[in-house]
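Student: Quick one: structure below, then a few questions.
The values are calculated or read from the model by the stated rules, or taken from the named source; none is laboratory data. A quick note: this is a predicted structure, and the numbers were derived from the prediction, not measured. Backbone-built Cβ (ideal geometry, glycine too); neighbour counts: all protein chains shown.
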Amino acid sequence: MPELIQAPRGTQDILPQEQKYWRFVERTVEKKLEQVGFGRIDTPLFEYPNIFLRTIGEATDIVQKELFSVERMGTRSATRKDLQEKTQYVLRPENTASIARAYLEQGMANWPQPVKLWYFGPMFRYDRPQKGRMRQFYQWGFEIFGDDNPATDAFVIMMVWNIFGALKLTKNLVVEINTLGDKTCRPKIKKNLSTYFEKYSDYLSEDARRQLKTNPLRILDSKDQKDQEILAGAPQIVDNVCETCKKNFQAVLEYLDELAIPYDLNPRLVRGLDYYIGTTFEVRQRQDTGRQSSLGGGGRYDELLTQLGGKATPGIGFAAGVERVIEALKQNQVKVPEIPGPQIYIIQIGETARRKALTAFERIQQMGYRVTSAFSKEALKAQLRAADRAGARLALLIGQREAFDNAVIVKDLAEGSQETVKLDRLDKVLKRKLKK
Ligand code: HAM
């Protein structure tokens, strides 16, 4: 194959035989969320960079290293200044910031609150592709704007648990939860961590030393062996949050206990996006400890709308990676509904028959049956084999004779029986055979 005739690294084609998994995930999420008052939102795949720079945070990996810029072909490539001045677009690396932008732009503050939205679609991050990490990947997720009650935090986790339950995955899953403090206590938390890590700065990994300057909270998430030892003695966020954060977090945990949703407190959970405050959580598979193991993550982002220039509005949400969820479905051998194949396969032999076959095809699909054919095939044997392979229940054969008699041979591929049927009786026979 010529070199460039291939999909870009970190992307994939999703073929028909894979679609049953995709459909299962999307329909399950849709059903569960629309049942409890969420409406679907689709936002553009590209946005002005500021949407992400201001919210996800300039110092995060996503903004520093993983944004794809979009430009018209033939122009020079984007500089950092272009990005900041909104003269370029970027492919969305996630959807929360885009939806917050839509909330402000579409005047959703005037809708009855809270506003509950769900989504399913592709995101783009220029990362080093590896198992579970792609450059184009899909997320399903949901957001709630205009509700700051801790019961809503628990409701979000309840819905996440509920959806993973409907996906038959909860057996091996755990919810890890933490609180990150808010604008009152976050500065103090950061300062305490900085003071602690400064003492060991010579021993920290390169990444951690960089984060010490930008966001010391992120060091807590380090998987580096050197950092791990230092982390063991680091001050815990929960011990340094303000009274309000402590009270809210306590309430969330109590609600979860009441709902009997299992969770693990993870004092090191910080997440890779800066907009989070208060409750944050991740869903991961129990046997996995690696970095790519989280199926999804979410949390509160009560400052995000102000970061975009809007009126202060609380928000909370969650998103999961669809490829990772599908991988988990396969690992756990979850049976997903098959996408139904054709019920009827039309076989034609000879030119006159082909003409009749096309008319019959049109009638049958108008009746609502799933029907298929291969008009370029000539031999009976090849067409019967194709009918069998397609999993059709019935083969309808039209040869010269049938074409002349306005009839078809209805062959029941499951029972092996066959009968000749006049076209005007076909409807009745199909109904009987396919129990429609
Ligand atoms: P996130 O943790 O960056 O959060 O992404 C959520 C999930 O998307 C991850 O747990 C993972 O399953 C999947 N994911 C992320 N990056 C990749 C990748 N490169 N390849 C494959 N899957 C990936 C967010 O995006 C937030 N917007 C979630 C949220 C919604 N918070 C509040 N509301």
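Student: Look at residue 335 and say whether it is of a type in the set (Lys, Arg), more than 32 Å from the chain's Cα centre (by Cα) and either modelled with pLDDT of 95 or more or more than 16 Å from the ligand (Cβ to nearest atom) (or both).
Tutor: On the way: of a type in the set (Lys, Arg): yes; more than 32 Å from the chain's Cα centre (by Cα): no; either modelled with pLDDT of 95 or more or more than 16 Å from the ligand (Cβ to nearest atom) (or both): yes.
No: the conditions fail for residue 335.
Student: Take the stretch 162-174 and flag every residue that is out of contact with any Phe, Trp or Tyr (no Cβ under 9 Å at 6 or more places or on another chain) and assigned to a helix (DSSP H, G or I). Give the derivation first.
Tutor: Keep residues of the stretch 162-174 that are out of contact with any Phe, Trp or Tyr (no Cβ under 9 Å at 6 or more places or on another chain), which gives 162, 164-166, 168-169, 171-172.
Correct list: 162, 164, 165, 166, 171, 172.
Student: Can you go through 365, 400 and tell me which one is of a type in the set (S, T, N, Q), in contact (Cβ under 8 Å) with a residue 40 or more places away in the chain and more than 30 Å from residue 136 (Cα to Cα)?
Tutor: Every option except 400 fails the conditions.
Student: Scan the stretch 23-51 for residues that are in contact with a Phe, Trp or Tyr (Cβ under 8 Å, 6 or more places away or on another chain) and aromatic (Phe, Trp, Tyr) and jot them down.
Tutor: 38, 46, 48
Student: A further question follows. Of the residues 74, 57, which is assigned to a loop (DSSP other than H, G, I, E, B) and either at pLDDT 95 or above or under 25 Å from residue 270 (Cα atoms) (or both)?
Tutor: Only one candidate passes the filter, namely 57.
Student: Same structure, new question: Applying the selection to the stretch 77-96, what residues are at pLDDT 70 or above and either crowded, with 18+ Cβ neighbours inside 10 Å or closer than 9 Å to residue 48 by Cα (or both)?
Tutor: Within the stretch 77-96, 88, 89, 90, 91, 92, 93, 94, 95, 96 meet the criteria.
Residues are listed down the side, and each one gets a yes or a no for (1) in contact with a helix residue (DSSP H, G or I) (Cβ under 9 Å, 6 or more places away or on another chain); (2) not polar (S, T, N, Q):
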residue	(1), (2)
16	no, yes
20	no, yes
27	no, yes
46	no, yes
55	yes, no
58	yes, yes
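Student: Could you tell me how many of the residues in the stretch 391-412 are outside any strand (DSSP E or B) and either under 17 Å from residue 341 (Cα atoms) or among the hydroxyl-bearing types (Ser, Thr, Tyr) (or both)?
Tutor: So the count comes out to 3.
Student: Looking at residue 342 and the list (1) free of Cβ contacts under 8 Å to residues at least 60 places away in the same chain; (2) assigned to a helix (DSSP H, G or I), which single condition is not satisfied?
Tutor: (2)
Student: Which one of 272, 296 is within 30 Å of residue 38 (Cα to Cα) and in a loop (DSSP other than H, G, I, E, B)?
Tutor: When all the criteria are applied, what remains is 272.
Student: Okay, next question. State all residues of the stretch 124-160 that are part of a strand (DSSP E or B) and more than 7 Å from the ligand (Cβ to nearest atom); if no residue qualifies, say none. So that I can check it myself, show each step before the final result.
Tutor: Restricting attention to the stretch 124-160, the residues satisfying the condition of being part of a strand (DSSP E or B) are 124, 130, 133, 136-145.
Once the filter is applied, which keeps residues that are part of a strand (DSSP E or B) and more than 7 Å from the ligand (Cβ to nearest atom), the stretch 124-160 yields 124, 130, 136, 138, 140, 142, 144, 145.
Student: While we're on this one: When the residues of the stretch 269-322 are filtered to those that are of a type in the set (Asp, Glu) and touching a residue at least 24 places away in the same chain (Cβ under 8 Å), which remaining residue is nearest to the ligand (Cβ to nearest atom)? Explain how you work it out, then say what you get.
Tutor: Start the filter on the stretch 269-322 by keeping residues that are of a type in the set (Asp, Glu), which leaves 274, 282, 288, 302-303.
Narrowing further to those that are touching a residue at least 24 places away in the same chain (Cβ under 8 Å): 274, 282, 302-303.
Numbers: 274: 11, 282: 7, 302: 12, 303: 13 Å.
Ranking the qualifying residues of the stretch 269-322, first place goes to 282.
Student: Still on this structure, please answer the following. If I filter the stretch 215-223 for residues that are away from the ligand (no atom under 16 Å from the Cβ) and assigned to a helix (DSSP H, G or I), do I get at least one hit?
Tutor: Step one: filter the stretch 215-223 for residues away from the ligand (no atom under 16 Å from the Cβ), giving 216, 219, 222.
Checking the rest, the ones that are also assigned to a helix (DSSP H, G or I) come to 216, 219.
Scanning the stretch 215-223, I find at least one residue that is away from the ligand (no atom under 16 Å from the Cβ) and assigned to a helix (DSSP H, G or I), so the answer is yes.
Student: Follow-up question, since we're still on this one. Of the residues that sit in the stretch 210-245 and are among the basic types (Lys, Arg) and touching a residue at least 24 places away in the same chain (Cβ under 8 Å), which one is surrounded by the most Cβ atoms within 10 Å (Cβ to Cβ)?
Tutor: Within the stretch 210-245, the first condition is being among the basic types (Lys, Arg), and the residues that meet it are 210, 213, 218, 223, 226.
The next check asks that each one be touching a residue at least 24 places away in the same chain (Cβ under 8 Å); those that pass are 218, 223.
Working: 218: 22, 223: 11.
Going through the qualifying residues, I end up with 218.
Student: Further question: Can you find even one residue in the stretch 368-389 that is assigned to a helix (DSSP H, G or I), of a type in the set (Ser, Thr, Tyr), more than 16 Å from the ligand (Cβ to nearest atom) and farther than 17 Å from residue 17 by Cα? Working first, answer last.
Tutor: Kept after step one, since they are assigned to a helix (DSSP H, G or I), are these residues of the stretch 368-389: 380-389.
Keeping just the survivors that are of a type in the set (Ser, Thr, Tyr) gives none.
Scanning the stretch 368-389 turns up no residue that is assigned to a helix (DSSP H, G or I), of a type in the set (Ser, Thr, Tyr), more than 16 Å from the ligand (Cβ to nearest atom) and farther than 17 Å from residue 17 by Cα.
Student: For the stretch 325-340, does any single residue satisfy the condition of being crowded, with 20+ Cβ neighbours inside 10 Å and either in contact with an Asp or Glu (Cβ under 9 Å, 6 or more places away or on another chain) or on the phi > 0 side of the Ramachandran plot (or both)?
Tutor: yes
Student: When you check residue 277 against the structure, is it crowded, with 21+ Cβ neighbours inside 10 Å and touching a Phe, Trp or Tyr at 6+ places or on another chain (Cβ under 6 Å), yes or no?
Tutor: No; evaluated as a whole, the condition is false for this residue.
Student: So how many residues does the stretch 94-123 have that are of a type in the set (Phe, Trp, Tyr) and away from the ligand (no atom under 13 Å from the Cβ)? Quick ask: steps written out before the conclusion?
Tutor: Residues of the stretch 94-123 that are of a type in the set (Phe, Trp, Tyr), as a first pass: 103, 111, 118-120.
Pick out the ones that are also away from the ligand (no atom under 13 Å from the Cβ) and you get 111.
Residues that pass the stated criteria total 1.
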